[in-house]
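This report refers to the structure that appears directly beneath it.
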Amino acid sequence: MKALRFLIPVVLLIAAVGFTAGADAPAIGQPGSLLEPYGLIDAALRASTNADPSGDIYFGASQGLFNGSRWGLRGTEDLGGGFKAIYALEGGVILPVGVIDQQGQLFGRQAWVGLKSDYGTLTFGRQYGTFSDAIGAGDVFGTGHGNLGNGSATNYSSSDGVNFFFAQQMGFRWDNSLKYDGSFSGVAVGVMAATENIPGGSVTTDGFIDKNAMISGKLGYNSKDLPVSGAVGVQYEADATYNHHIALGGGLKYALDATDAVYLFYIHSEFDAGFVRISPNNSEISTGGKGRKDDIVNLAANYYVMPSLNVIASFYFDYGTYVFQNSDDGQRYSGLLVADYYLSKDFDVYLGGWYTQFIDSFLQTADGGNQFKGYSSVFSVIMGTRFRF
């Protein structure tokens, strides 16, 4: 019966769109139509060292390296005068065990509706953060930041989820959010506000943030005439007791040619002591008595050895202060190398490996919902495949 309650709204939506689609609109299921089903499956086998307190090797099925598996519905309707109505409903799936990802939310990846025109795009609902978009301008994996987790051996095969390297520092998706994105002569601008939707949670009318709320913004540049593009961003939050979190950073991309590029991003994230994330659905951390600071740098590049073979190399560094309530600072280094071969534009296979080194307080602390078991390093090898539909 629970499954039926989830499926009924989807069936009704499909039926309604099917009856109301105009004769001049693209066919149902086609890009630009009122109803376009889509999805992606990324699945893999993975082996990791130091998988438990005894130092055993983990081997088994896992979510993929590049993307979280998902399915969704999206659509567009031309309203005339240069305006379009748009929406997206997207749910995540933890593929190895077939359960709903993102805290069990049916459309936990995206659920928004909006209006698009030459003046920009305005959307409301659950959606990706503006600050995360700015960092993604310099990420080899794009605004999705890939599916590489924090290095813990159990991360990809558990319900704890993925992307904690990014999500714990800035929130990945935001409930109850209003977002604007615009691009004018290559200059990209974006602003966003989100609340927990509880009494006292709001962004005040005078432009300052109230408790249980977040505001963020970005400024970027992307021109076909220049090989350099990027964005900078800022995010500010206040929890229910006015503890604060601020994140600053940006991403930069240098295109070597039409397919190959070098990428760089930087994040400075600073949590007050006792900060409590405004919503568990945003996937941020909550701090204890000493707060936390992180400075994160990522340098990466991709190179197509041949038209169907892309090689990606990436190096991460995180310097943390008072990592999860400990008195010691800590560092984390992680290097990734992966070869990705496309059998078609919608189907590829890949083989990769990464090594992560933990120093000082990163060793024993819960980072992104997982334990490092006291071991100073984790090495993983992954073999997987992606299919887009």
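The values are calculated or read from the model by the stated rules, or taken from the named source; none is laboratory data. Since we're looking at a predicted model, the values are computed, not measured. Counting neighbours? That spans all protein chains shown, and the Cβs are built from the backbone with ideal geometry, glycine included. Note: accessible area is taken over every heavy atom of the protein model, side chains too, but ligands, DNA and RNA are not part of it. Shrake-Rupley method; radii C 1.70, N 1.55, O 1.52, S 1.80 Å.
Derived value for region 46-106: Kirkwood hydrodynamic radius 14.9 Å. Basis is the mean of 1/r over every pair of different alpha-carbon atoms. Computed over protein heavy atoms with a 1.4 angstrom probe, the accessible surface ordering of VAL234, VAL113, largest first, is VAL113, VAL234. To the nearest 10, the accessible area of LEU343 is 110 Å² with a 1.4 Å probe. Relative to the compact-globule estimate of 2.2 N^0.38 Å, the Cα radius of gyration of region 196-283 comes out at 1.42. Taking SER344, SER279 and ordering them by how much accessible surface each has at a 1.4 Å probe, largest first, produces SER344, SER279. Over all other residues within a Cβ to Cβ distance under 15 Å of MET383, the charged ones net out to -1, with Lys and Arg as +1 and Asp and Glu as -1. Projection of the Cα convex hull of region 209-350, averaged over all directions and equal to a quarter of that hull's surface, yields 10.6 nm². The mean accessible area for residues of region 93-138, using a 1.4 Å probe and ignoring ligands and nucleic acids, is 41 Å² per residue.
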